[in-house]
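Below: one structure, written as structure tokens.
The values are calculated or read from the model by the stated rules, or taken from the named source; none is laboratory data. Because the structure is predicted, anything quoted here is derived from the model rather than measured. Neighbour counts are summed over all protein chains in view; Cβ atoms, including those assigned to glycine, are modelled from backbone coordinates with ideal geometry.
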There are 2 protein chains.
Amino acid sequence: MSEMQSICAVEGVYAAGIKEGKYGLALIRAEGTAAAAFTKNIARAAPVILMQDRIKRGKLAATITNSGCANALTGQRGINDAEEMAAVTAEELSLDPLEVGVASTGVISRYLNLPLIRDQCHQIAPHLAHSPSAEISAAKAIMTTDLVEKHALVTREGFTIGGICKGSGMIAPNMGTMLGYVYTDAEISAPDLQSALKTAVRRSFNRVVVDGDTSTNDVVFCTATGAAGKVPLNEFTSALEECCISLGRQIARDGEGATKLIEVIVRGARSEDEADLVARTVVGSPLVKTAIYGEDPNWGRIVAAAGRSGAEFDPEKVSCWIAGSERRAAVCERGVLSEDLSIAKAALGGREVQIELDLSAGNGKAVAWGCDLTEKYVEINGKYTT
Amino acid sequence: MSEMQSICAVEGVYAAGIKEGKYGLALIRAEGTAAAAFTKNIARAAPVILMQDRIKRGKLAATITNSGCANALTGQRGINDAEEMAAVTAEELSLDPLEVGVASTGVISRYLNLPLIRDQCHQIAPHLAHSPSAEISAAKAIMTTDLVEKHALVTREGFTIGGICKGSGMIAPNMGTMLGYVYTDAEISAPDLQSALKTAVRRSFNRVVVDGDTSTNDVVFCTATGAAGKVPLNEFTSALEECCISLGRQIARDGEGATKLIEVIVRGARSEDEADLVARTVVGSPLVKTAIYGEDPNWGRIVAAAGRSGAEFDPEKVSCWIAGSERRAAVCERGVLSEDLSIAKAALGGREVQIELDLSAGNGKAVAWGCDLTEKYVEINGKYTT
């Protein structure tokens, strides 16, 4: 018998989902303190505008999410529609509508099909369950161009964190908003939860979606039921970061057209912010992405990307290694290119590739995740029609 | 008989070039006040490091450029090699080596083949000529992944500006450094020339190379012979900008794998800087590029790119038009998506596409150029091996 692998591993979390063609709906019920992280794009979807205000209450009792229509660039009507999604959920589940999280993903610049959403909500609400199949149906309901559903589970002595997400990783795809739903039984105050989520998101999702690129709809909700009692905040934050990194890596791996997961590890930067800049610039560079697709250990492209990131370092002092599942090879040591690149080339042969950069400029570290750039990406995004 | 179409249309400019396999060499001789603009990448090639210092003299008598090896990330030996290129040229032409501009383009992290460069310089120096075929041979000698050579000529009452360049436009290609050589017979002091070049480059080349992306080797040299006498600085700057825009558009059109030139015109921004940010972000967005390749008038991708650019505006007030060679259609007017996108879709059918955005936030304007993203780009950059 299958085990619970994400949100339903947390006591008190109930899920349900439905997908009809490209139109899906997911409900998740769990009461607790709550926090959220939102897109930084100024073109924000209606549910983002609504929830940025409502989350200030620090409490959620449920979330409703539709896929197929982003409810973005839809003006006041869009905001009314997002409110209506919360109201419909509240009515079905006898909750306060102000405590229902709302999110949408799908095509931009279209209005929601509210009758369909009402109907789907009414259909699935009675099926809310605390079970392996329930968390799977919710994870499937929010998928758009995703090829696989995404689950993460982190257990620590005394508490558990489970999450699901959607996103197909590449640069802010039109149908590829990143949505995340994380639950824990730890008892955490709303302000502490907000601060932990901010740190975790910064070191996970924000380092997957390439180049600071964010869609109109990105949101991560985090709810803490409190059933397991108080836990130290730093321990919780570290576990939350681990959960979000697991989800973020799954988004990168499922990137549109991707054949390889790329992990860029930067150390020796002047600060974590500069390490972050370098890691995200390298993992987002089309030339690095295509080189890795072609299994070419092209040091010049890596350092050229790092050099334009805005971080300060001496290119002549940089070292770089490329690692695959079983091999790790220096490409460049303190500015001197390795004479034999055959091991580095072989390391690029697998499904996971690590690029390690030591900038020799300080103690800042950061990791970012992405995927290779393939003809398939162009096909998916070029052949998509309105 | 063919006419001079670029640098040799300017009196006193002599050119020569040779290409042997992937190794090319170009010499251009012309004495005058001089200015240059360089890459902002901190990973700078040796000739860039050398010339950033030497151009401060405000004078050039010739330039030497090799293609096939970038002489980048080559440490002190690279700087010595770049100095040697200047010395070899100075010896052949009896000039001061401090007045010889040096540039390189090609593979990063390799040392120059100096014997080959000496031999090629010695071979072509006697053929320096003021003729149509001379400017063509120089323009061809500096090409790497370029498919076509690039010439521009602007004539104004009283003076002429001619330029050649290389660059295949896409995001900082490894073999795709942007190099420009612009000559004029106007009499301009070195400080005025530097200021005019800075303005012109900002509004041309810097808006082609996508996303602030710069290679290790980018440089534009501008030399003013003075033969035509003094001209008003603002008139000169405007003509120089026109010349650089012509060259920049040719780079975008020749982008690796490109099938369409994309021109993004932004107005109504709070400032020129913000218009510039939006124009470059939109033209650099992989999702916009693939949508245009697929001839899809995908407004959501355009506004999502603009929204993450860093510029401030109200997405609900934005208007957008798409234009081709003969058609122009509104896609969105003050936040409301057009119901009929068929004309916009038809407008995307040609080889040149214009996207116009009015942000309704101020009077800032800017134009940026790029090209679509195709499977061919991935093929060129993924299949390239070290």
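Some points to look at:
- Residue match in region A:149-167 (condition: at pLDDT below 95, surrounded by 23 or more Cβ atoms within 10 Å (Cβ to Cβ) and not in a strand (DSSP E or B)): yes
- Test: residue in region A:168-181 that is within 14 Å of chain B (Cβ to nearest Cβ) and more than 20 Å from the chain's Cα centre (by Cα): no
- Reported count of residues in region B:48-91, each being touching a residue at least 40 places away in the same chain (Cβ under 8 Å) and either of a type outside the set (Lys, Arg) or in contact with a Phe, Trp or Tyr (Cβ under 6 Å, 6 or more places away or on another chain) (or both), is 18.
- Qualifying residue in region A:110-133 (condition: under 30 Å from B:Gly300 (Cα atoms), of a type in the set (S, T, N, Q) and within 23 Å of the chain's Cα centre (by Cα)): no
- Selection within region A:299-324 - farther than 20 Å from A:Leu261 by Cβ and part of a loop (DSSP other than H, G, I, E, B): A:Arg308, A:Ser309, A:Gly310, A:Ala311, A:Glu312, A:Phe313, A:Asp314, A:Val318
- Residue identified as outside any loop (DSSP other than H, G, I, E, B), among the aliphatic types (A, V, I, L, M) and touching a helix residue (DSSP H, G or I) at 6+ places or on another chain (Cβ under 9 Å) among B:Ile380, B:Ile343: B:Ile380
- Subset of region B:262-286 [facing another protein chain (nearest Cβ under 10 Å) and part of a loop (DSSP other than H, G, I, E, B)]: B:Ser285
- Every residue from region B:269-282 that is touching a residue at least 60 places away in the same chain (Cβ under 8 Å) and either crowded, with 20+ Cβ neighbours inside 10 Å or touching a Phe, Trp or Tyr at 6+ places or on another chain (Cβ under 8 Å) (or both): B:Ala269, B:Arg270, B:Glu274, B:Ala275, B:Asp276, B:Val278, B:Ala279, B:Arg280, B:Thr281, B:Val282
- The condition of being crowded, with 21+ Cβ neighbours inside 10 Å and out of contact with any Leu (no Cβ under 8 Å at 6 or more places or on another chain) holds for only one of A:Gly101, A:Gly106, that being A:Gly106.
Yes/no matrix, rows are residues, columns are (1) closer than 30 Å to A:Ser309 by Cα; (2) touching a Ser or Thr at 6+ places or on another chain (Cβ under 8 Å):
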| residue | (1), (2) |
| --- | --- |
| B:Ala9 | no, yes |
| B:Ala30 | no, yes |
| B:Asn41 | yes, yes |
| B:Arg54 | yes, no |
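- Among the residues listed as A:Ala275, A:Ala330, the single one being in contact with a Gly (Cβ under 6 Å, 6 or more places away or on another chain), at pLDDT 90 or above and either of a type in the set (A, V, I, L, M, F, W, C) or not assigned by TED's automatic domain parsing to the domain that holds A:Ala139 (or both): A:Ala275
- Here the condition is being touching a Pro at 6+ places or on another chain (Cβ under 8 Å) and within 11 Å of chain B (Cβ to nearest Cβ); of A:Leu337, A:Leu373, it holds for A:Leu373 alone.
- Just one of (1) within 30 Å of B:Ala190 (Cα to Cα); (2) out of contact with any Phe, Trp or Tyr (no Cβ under 7 Å at 6 or more places or on another chain); (3) of a type in the set (S, T, N, Q) fails for B:Thr144. It is (1).
Yes/no per residue for (1) under 27 Å from the mean Cα position of the chain (by Cα); (2) at the interface with chain A (Cβ under 8 Å from one of its Cβ atoms):
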{"residue": "B:Val288", "(1), (2)": "yes, no"}
{"residue": "B:Ile292", "(1), (2)": "yes, no"}
{"residue": "B:Trp299", "(1), (2)": "no, yes"}
{"residue": "B:Ile302", "(1), (2)": "yes, no"}
{"residue": "B:Ala306", "(1), (2)": "yes, yes"}
{"residue": "B:Ser309", "(1), (2)": "yes, no"}
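- Of the residues making up region B:184-207, those that are outside any helix (DSSP H, G or I), buried (at least 24 other Cβ atoms within 10 Å of the Cβ) and more than 15 Å from the chain's Cα centre (by Cα) number 3.
- Only one of the numbered conditions (1) more than 17 Å from B:Gly364 (Cα to Cα); (2) within 9 Å of chain A (Cβ to nearest Cβ); (3) not in a helix (DSSP H, G or I) is not met by B:Ala330, and that is (2).
- Residue match in region B:248-266 (condition: out of contact with any helix residue (DSSP H, G or I) (no Cβ under 8 Å at 6 or more places or on another chain) and without any contact (Cβ under 8 Å) to a residue 40 or more places away in the chain): no
- Among residues that are among the aliphatic types (A, V, I, L, M) and under 16 Å from A:Pro97 (Cα atoms), A:Ile42 is not included.
Each row is one residue, and each column tells you yes or no for (1) among the polar types (S, T, N, Q); (2) under 21 Å from B:Arg351 (Cα atoms).
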| residue | (1), (2) |
| --- | --- |
| B:Thr225 | yes, no |
| B:Gly229 | no, no |
| B:Leu261 | no, yes |
| B:Ser285 | yes, yes |
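- Some residue of region A:358-374 being acidic (Asp, Glu), touching a helix residue (DSSP H, G or I) at 6+ places or on another chain (Cβ under 7 Å) and outside the structural domain of A:Leu247 (by TED's automatic domain parsing): yes
- Counting only residues that are outside any helix (DSSP H, G or I) and more than 18 Å from B:Gly180 (Cβ to Cβ), region B:226-260 holds 12 of them.
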